[in-house]
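The values are calculated or read from the model by the stated rules, or taken from the named source; none is laboratory data. Because the structure is a prediction, the values reported are computed rather than measured. For neighbour counting, all protein chains shown are included, and Cβ atoms are generated from backbone atoms with ideal geometry for every residue, glycine included.
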Amino acid sequence: MNIIFLGAPGAGKGTQAELIAKKYNIPTISTGNIIREALKSGTEMGFKAKAFIEAGQLVPDEVVIGIIKERLAKGDCENGFILDGFPRTIPQAKALDVMGVRIDKVVDIEVPDENIKARMTGRRVCGTCGASYHLEFKKPAQNGICDSCGAELIQRKDDAPETVADRLSVYHKQTEPLKKYYEEHGKLEIVDGLGDVAEITAHIEKALED
Ligand code: AMP
């Protein structure tokens, strides 16, 4: 099954994508993670993307479309995949159509802006292994230290309050129109993203089976 996860940044797409991907035994493809890896390893693409990410803006379409093209060509996508964070603009969605990529379902995880702000500004990540925590909802055993590898926890620059506001505004302007796009294609499934992680996963599973 070829699935797209839509939703505002911080709506829980990443967590849910991982859980559903495990169930279907398909890979999750997160353009955000691919770009952050490129940034860490200092590639030219990472360098180009840096200023956009840190300002809470989208990386130009041609860059992310190139990333997706390359990733979808890999063998592990043959039995399906979950796209987490792509497409984020109408031209990106149209690029998938032009590539001939069949999409079976688009799951939109809905969370109000106020909840998104609280989730994102409290998020802390491990600078070494990438594990994710939250000051309120998912505290590490020891304050500021990663449970998995013992490294220091940091706030992603794009999780700072001013940047979160910018990212939400970018989401409403550029990404939200994709809901209508996929609704018109008869693919959209809307899921309430508030509440228990397991409960949300169950709703997504049901939406995918319908
Ligand atoms: P994420 O972790 O998915 O929120 O992505 C982090 C950042 O990477 C975003 O704020 C964008 O700057 C960039 N990014 C990720 N995916 C895309 C995309 N499909 N189009 C444009 N920019 C993207």
*Can you find a residue in the stretch 5-16 that is part of a helix (DSSP H, G or I), at pLDDT below 95 and either aliphatic (A, V, I, L, M) or over 14 Å from the mean Cα position of the chain (by Cα) (or both)?*
no
_Quick test for you: out of Arg167, Arg123, Arg119, pick the one residue that is in contact with a His (Cβ under 6 Å, 6 or more places away or on another chain), within 16 Å of the ligand (Cβ to nearest atom) and either over 24 Å from Lys50 (Cα atoms) or in contact (Cβ under 8 Å) with a residue 60 or more places away in the chain (or both)._
Arg123
_Out of the residues in the stretch 39-53 meeting the condition of being assigned to a helix (DSSP H, G or I) and among the small types (Gly, Ala, Ser), tell me which one is nearest to the ligand (Cβ to nearest atom)._
Ala49
*Name the pairs: first residue in the stretch 75-96 and within 16 Å of Glu184 (Cα to Cα), second residue away from the ligand (no atom under 12 Å from the Cβ) and in a helix (DSSP H, G or I), Cβ to Cβ under 7 Å, at least 6 apart or on different chains?*
Ile90/Pro177; Ile90/Tyr181; Ala93/Tyr181
_Any hit, the stretch 140-152, residues being out of contact with any strand residue (DSSP E or B) (no Cβ under 9 Å at 6 or more places or on another chain) and either within 16 Å of the ligand (Cβ to nearest atom) or closer than 19 Å to Val197 by Cβ (or both)_ = no
*Which condition number in (1) part of a loop (DSSP other than H, G, I, E, B); (2) modelled with pLDDT of 95 or more; (3) out of contact with any strand residue (DSSP E or B) (no Cβ under 9 Å at 6 or more places or on another chain); (4) of a type outside the set (Phe, Trp, Tyr) is the one that Ile26 fails?*
(3)
*From the set of residues in the stretch 93-114 that are in a loop (DSSP other than H, G, I, E, B) and under 23 Å from Arg167 (Cβ atoms), which is farthest from the chain's Cα centre (by Cα)?*
Pro112
*In the stretch 66-76, is there at least one residue being surrounded by 20 or more Cβ atoms within 10 Å (Cβ to Cβ), modelled with pLDDT under 95 and either more than 18 Å from Thr175 (Cα to Cα) or away from the ligand (no atom under 12 Å from the Cβ) (or both)?*
no
